[in-house]
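Shown next, in structure tokens, is the structure this report addresses.
The values are calculated or read from the model by the stated rules, or taken from the named source; none is laboratory data. Predicted model, so just to flag it, every value in this text is computed and none were measured. Methodologically, a virtual Cβ is constructed for each residue, glycine included, from the backbone with ideal geometry; neighbour enumeration extends over all protein chains shown.
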Amino acid sequence: MKKAIMTMFIICLILFFIFAIPIINNRMAKAIETKLRTTKLPSQTQIIDSISIAGKLVGNGNGMQYFGAILVKTELSEEELKEYYQEKAESEWEYLIEKQTSNKIEVIEHGDYVFRKVKGEKLQQCYIIYSWESPKNNLLNLDIRGH
């Protein structure tokens, strides 16, 4: 009887790692995207698309990273955008801004991620506004996508 209970416990634990941890990590990344989408935009700016990703996205080694981004079209300059979002950032990894000239997300090193609402056309007056986070709980690093 003890062996059956132990076997069931191990099976449940394995299922937890396979299903629950990736779902939790996806939700963490989605929360970053949601925060970006719900932050008040500067005038003359509109959101074109957004994305959230969980996995090993930049650098070497193991570990999960959470990424959220919005693609905006604006009449403002890059400096004006940076100034607007600088006061909203709570860390150096929030509200980062770069010029975006295609749908490919260049700030991610591992994988080919794109904004889907724009199809390969050359973008003008568009910027990516993005934020990064890492898990605060080491258990979440056990997601296979972080390796």
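Within 20 Å of ILE105 (Cβ to Cβ) and either loosely packed, with under 10 Cβ neighbours inside 10 Å or in contact with a Pro (Cβ under 7 Å, 6 or more places away or on another chain) (or both): is that true of ASN25 in this structure?
Values: within 20 Å of ILE105 (Cβ to Cβ): yes; either loosely packed, with under 10 Cβ neighbours inside 10 Å or in contact with a Pro (Cβ under 7 Å, 6 or more places away or on another chain) (or both): no.
Judged against the criteria, ASN25 is not a match.
How about region 117-147: which of its residues are touching a residue at least 60 places away in the same chain (Cβ under 8 Å), within 15 Å of the chain's Cα centre (by Cα) and either within 18 Å of LEU36 (Cα to Cα) or part of a strand (DSSP E or B) (or both)?
Once the filter is applied, which keeps residues that are touching a residue at least 60 places away in the same chain (Cβ under 8 Å), within 15 Å of the chain's Cα centre (by Cα) and either within 18 Å of LEU36 (Cα to Cα) or part of a strand (DSSP E or B) (or both), region 117-147 yields ILE129, TYR130, SER131, TRP132, GLU133, SER134.
How many residues does region 51-69 contain that are touching a Lys or Arg at 6+ places or on another chain (Cβ under 6 Å) and either in contact (Cβ under 8 Å) with a residue 40 or more places away in the chain or more than 24 Å from PRO135 (Cα to Cα) (or both)? Steps first, answer last, please.
Of region 51-69, the ones touching a Lys or Arg at 6+ places or on another chain (Cβ under 6 Å) are 52, 55.
Cutting the leftovers down to either in contact (Cβ under 8 Å) with a residue 40 or more places away in the chain or more than 24 Å from PRO135 (Cα to Cα) (or both) gives us 55.
Looking only at that region, the number is 1.
Just one of the numbered conditions (1) over 26 Å from PRO135 (Cα atoms); (2) in contact with an Asp or Glu (Cβ under 9 Å, 6 or more places away or on another chain) is not true of LYS3; which one?
(2)
Only one residue in ALA31, ALA20 is at pLDDT 95 or above and small (Gly, Ala, Ser), so which one is that?
Exactly one residue qualifies, and that residue is ALA31.
Considering every residue within region 45-67, establish whether at least one is surrounded by 15 or more Cβ atoms within 10 Å (Cβ to Cβ), among the acidic types (Asp, Glu) and on the phi < 0 side of the Ramachandran plot.
yes
Got a number for residues in region 114-147 being under 18 Å from PRO22 (Cα atoms), modelled with pLDDT of 95 or more and not hydrophobic (A, V, I, L, M, F, W, C)?
Of the residues in that region, 1 qualify.
Test each condition in (1) part of a helix (DSSP H, G or I); (2) in contact with a helix residue (DSSP H, G or I) (Cβ under 7 Å, 6 or more places away or on another chain); (3) free of Cβ contacts under 8 Å to residues at least 60 places away in the same chain for ILE21 and report the one that comes out false.
(3)
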